[in-house]
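The values are calculated or read from the model by the stated rules, or taken from the named source; none is laboratory data. Keep in mind that what you see is a predicted model, and the values were worked out from it rather than measured. Using ideal geometry, Cβ is built from the backbone for each residue, glycine included, and neighbour counts are taken over all protein chains shown. Keep in mind that these areas ignore ligands, DNA and RNA; they rest on the heavy atoms of the full protein, side chains included. Shrake-Rupley method; radii C 1.70, N 1.55, O 1.52, S 1.80 Å.
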Amino acid sequence: MEFAELIKTPRVDGVVLHRPFMPIVEGTLCLTGHHLILSSRQDNTEELWLLHSNIDSIEKRFVGSLGSIIVKCKDLRVIQLDIPGMEECLNISSSIEALSTLDSVSLMYPFFYRPMFKVIEDGWNSFLPEDAFKDLESLTDEWRLSEVNKDFSVCPSYPPLVAVPKDVDDDALRKLATFRHGGRFPVLSYYHKKNGMVMMRAGQPLTGTNGRRCKEDEKLINATLRLGKRGYIIDTRTLNVAQQAKARGGGFESEANYPQWRRIHKNIERSNVLQESLIKLVEACNDQSHSMDRWLSKLEASSWQTHVKEILTTACLAAQCIDREGASVLVHGTEGTDSTLQVTSLAQIILDPACRTIRGFQGLVEREWLQAGHPFQQRCAQSAYSNSKPRQEAPVFLLFLDCVWQILRQFPCSFEFGESFLVLLFEHAYASQFGTFLGNSAAERAKLSLPEKTVSLWSWVNRPQELERLTNPLYESNSLVIWPSVAPQSLLLWEGVFLRWNRSSKCLDEAYEEMVHIIEYNKELQNKVNSLRRQLAQLETEDPLLQTP
């Protein structure tokens, strides 16, 4: 298919662009295969370059022969284009609708994008499982890297290499896979250096109504326990939901078959509920006519903060079991590709200071989301404005980022990165020139040849000038476990995402610049103090009479 077939009117002059908190711009609107571009001949005006894949929905309005298109984006931005001429407006809107809903992944922009920057580090090779396993091998010899899934036949949503207990062979893993949802047998997620405890993740066991069991599954899970120790199974579903799953062939681990494990049920909602919650939240944030009571009521009705609290509470529980109870943990929900990953990745941020660095966080996203099989293509196909009925869309990754922001806000000096890095990841998960978030699994990315045909987001992030921009000026390395408060009054609305386009950031930007200036000035003064101390010490050694009493 040629993109030109979908573009009825490639160019229109005299188009007026309205954007929140920016001056109105008049210029020429151009449509390409992947971008909506508005450029002006006026000096000092910023051009608009909008990826079609970032467009969630559009609305058309007409007053006489003047047409307006309201463009609602997946990054929650809303812009308006005033287009002279009804025919031009209709042509532009139909082209945008067609180009923003392309079904074929291989027609998306990452396959056509050519970087304007020099690629110093190939991000596709930055976080390989074998490299991460080398670090584990230096700490313990109880685990091995299995190639049982090298052709993705055992578990289509797992990567080719997975870490499993040394005593469990590949034949056992193949049997195990038939007992877990989607073939997602228990694999290592995290090893706690402090006490050698581990966190594993999996899909639900397929016990069904007959109480089916799997000896290999029991052996693998028990292989992670220390002598005389109990473990915890954290099921992200309520007991009621888990019991209902039995009727559909799913289920949970029974105490009789897993006597050394204590099962704890939590209440993290499924994807369709989360999508509805996001839509309600964004609707509340965009309505400027609310009274205080109505605003708070709509915010509460969205239940977004409740979801944040539940996910953080469950992650804290997992971290507590590992660090304070000295117990190993297995986390699963139903599929093991959504709430499970939220919990395992947030628990690592709480426990492991390495995950709170820029590079460590990239590795966490790569390991616990991309390689672990979170279906980004499905979950991020629509955002909060889409008019079509949600199918498998859900803000699972956005909720994870929101939870990270809550912890970052409570521990502002313990993270090497700031809020801007989290916002950047949110934007690129929904629409990007990079191939990192395309596809639903490692298998799909391999089939699409993404490492050969697209550029990785990490290649761009890890350039020195970008790292400098993303670095948190308040950062001081903190090797401790950090315990966030999950009390309702401790959890705030993430304004940097949900109110970003509804209020000017001018004052916040100025305050941030002033903070950076103070930090730099403080460093200069500290360096002067150190220099003067060295000079004083040198003078004292040269003249004993100057020595301080």
- For residues in region 104-148 being in contact with a strand residue (DSSP E or B) (Cβ under 9 Å, 6 or more places away or on another chain) and of a type in the set (S, T, N, Q), which is least open to solvent (accessible area, probe 1.4 Å)? Ser146
- Note on the structure: Restricting region 383-428 to residues that are aromatic (Phe, Trp, Tyr) and at pLDDT 95 or above, the one farthest from the chain's Cα centre (by Cα) turns out to be Phe411
- Within region 223-254, the count of residues that are touching a strand residue (DSSP E or B) at 6+ places or on another chain (Cβ under 8 Å), open to solvent by 10 Å² or more (accessible area, probe 1.4 Å) and not in a loop (DSSP other than H, G, I, E, B) comes to 2
- Hey, any hits in region 51-61 for a residue that's in a helix (DSSP H, G or I), of a type outside the set (S, T, N, Q) and closer than 27 Å to Gln378 by Cα? yes
- Complete set of residues in region 482-491 that are touching a residue at least 40 places away in the same chain (Cβ under 8 Å) and open to solvent by 60 Å² or more (accessible area, probe 1.4 Å): Trp483, Pro488
- Note on the structure: Residue pairs qualifying under the 6 Å Cβ cut-off, at least six apart or on distinct chains, with the first in region 492-514 being in contact (Cβ under 8 Å) with a residue 24 or more places away in the chain and the second being open to solvent by 50 Å² or more (accessible area, probe 1.4 Å) and part of a helix (DSSP H, G or I), are Gly496/Glu419
- Message: Condition check: open to solvent by 80 Å² or more (accessible area, probe 1.4 Å) and in contact with a helix residue (DSSP H, G or I) (Cβ under 8 Å, 6 or more places away or on another chain). Does Lys266 satisfy that?
- Response: no
- Those residues of region 443-458 that are over 18 Å from Trp369 (Cβ atoms) and either surrounded by 22 or more Cβ atoms within 10 Å (Cβ to Cβ) or of a type in the set (Phe, Trp, Tyr) (or both) come to a total of 1
- Note on the structure: Of (1) within 22 Å of Leu346 (Cα to Cα); (2) in a loop (DSSP other than H, G, I, E, B); (3) within 23 Å of the chain's Cα centre (by Cα), Glu121 satisfies every one except (1)
- Task: Mind telling me which of the residues Lys193, Lys219, Lys175 ends up being in a loop (DSSP other than H, G, I, E, B) and surrounded by fewer than 19 Cβ atoms within 10 Å (Cβ to Cβ)?
- Result: Lys193
- Could we say that Ile70 is β-branched (Val, Ile, Thr), in contact with a strand residue (DSSP E or B) (Cβ under 6 Å, 6 or more places away or on another chain), under 19 Å from Ile7 (Cβ atoms) and part of a strand (DSSP E or B) here? no
- Name the single residue, out of those in region 73-103 being open to solvent by 30 Å² or more (accessible area, probe 1.4 Å) and among the acidic types (Asp, Glu), that is nearest to Ile358 (Cα to Cα). Asp103
- Message: Pull out all pairs, ordered by first then second residue, where Cβ-Cβ is under 7 Å, the residues are six or more apart or on different chains, the first lies in region 73-90 and is within 16 Å of Ser39 (Cα to Cα), and the second is basic (Lys, Arg).
- Response: Ile79/Arg19
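This table checks each residue for (1) in a loop (DSSP other than H, G, I, E, B); (2) open to solvent by less than 20 Å² (accessible area, probe 1.4 Å); (3) touching a helix residue (DSSP H, G or I) at 6+ places or on another chain (Cβ under 6 Å); (4) aliphatic (A, V, I, L, M).
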residue	(1), (2), (3), (4)
Ala4	no, no, no, yes
Val12	no, yes, yes, yes
Pro23	yes, no, no, no
Cys30	no, no, no, no
Gly33	yes, yes, yes, no
Leu38	no, yes, no, yes
Arg41	yes, no, no, no
